[in-house]
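What follows draws every value from the coordinates through simple rules; no lab data is involved. Since this is a predicted model, take the numbers as computed values, not measurements. Neighbour counts are summed over all protein chains in view; Cβ atoms, including those assigned to glycine, are modelled from backbone coordinates with ideal geometry.
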Amino acid sequence: MIPEQGVVVMVCSTVKAGTECAFMAKEGCGYSGGTCLPVVEQCEGCQRAAEFPTGKFCSSYPNPAIKWKAGNCNFATHTKLEVQDKQKINPLKASKRNNKKK
Ligand code: SF4
């Protein structure tokens, strides 16, 4: 808790005990189900996955399975976006270029 700045940071008292958490409140964990869920198979190798006495959990998101439901997790540190370095080709100019070669 930082009273001078008016910011209240709550610390987890459930599965990730001791870590700061935005879902934590005076009444307890405010996340659905009242606790974080463990990492999933796809999280293997991610630097945000952390080991706790209660298991392995994501330090950024309470339910890792949801992050992988519609594709790659956008927080993941072990996956890279494939950057396509394709040059735009003007079909008319390409056709002219091909005709010159003949
Ligand atoms: S950031 Fe994504 S991939 Fe990494 S542990 Fe969390 S949910 Fe899993």
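Observations, loosely collected:
- Anchor Lys80: lysines whose Cα lies under 27 Å away (excluding residues fewer than 8 positions away in-chain): Lys56, Lys67, Lys69, Lys88
- The chain: calculated mean residue ellipticity at 222 nm from DSSP helix runs of at least 4, using -39500 (n - 2.57): -4000 deg cm²/dmol
- Rounded FRET efficiency, nearest 0.05, which uses the C-beta distance separating Glu41 from Thr19 and R0 of 25 Å: 0.65
- Taking every C-alpha pair closer than 8 Å and separated by at least 6 residues, the mean separation divided by the residue count of the chain gives a relative contact order of 17 percent.
- A crude spin-label estimate for the pair Thr77 and Ala65, with each label 7 Å from Cα along the Cβ direction, gives 2.5 nm.
- Rounded Å value of the spacing that divides the Cα centres of the stretch 17-44 and the stretch 52-67: 7
- In sequence order, the stretch 89-100 has phi-based couplings of 10, 7, x, 5, 5, 5, 5, 5, 4, 5, 5, 5 Hz under the Karplus curve 6.51 cos²θ - 1.76 cosθ + 1.60, θ = phi - 60°, and Gly or Pro positions carry x.
- Convex hull volume per residue, computed on the Cα atoms of the stretch 3-101, equals 194 Å³.
- Projecting label points 7 angstrom from Cα along Cα→Cβ for Lys56 and Gln87 puts them 4.4 nm apart.
- Residue of Pro38, Pro91, Pro64 that the Gaussian network model of the chain assigns the largest fluctuation, springs spanning Cα pairs under 10 Å: Pro91
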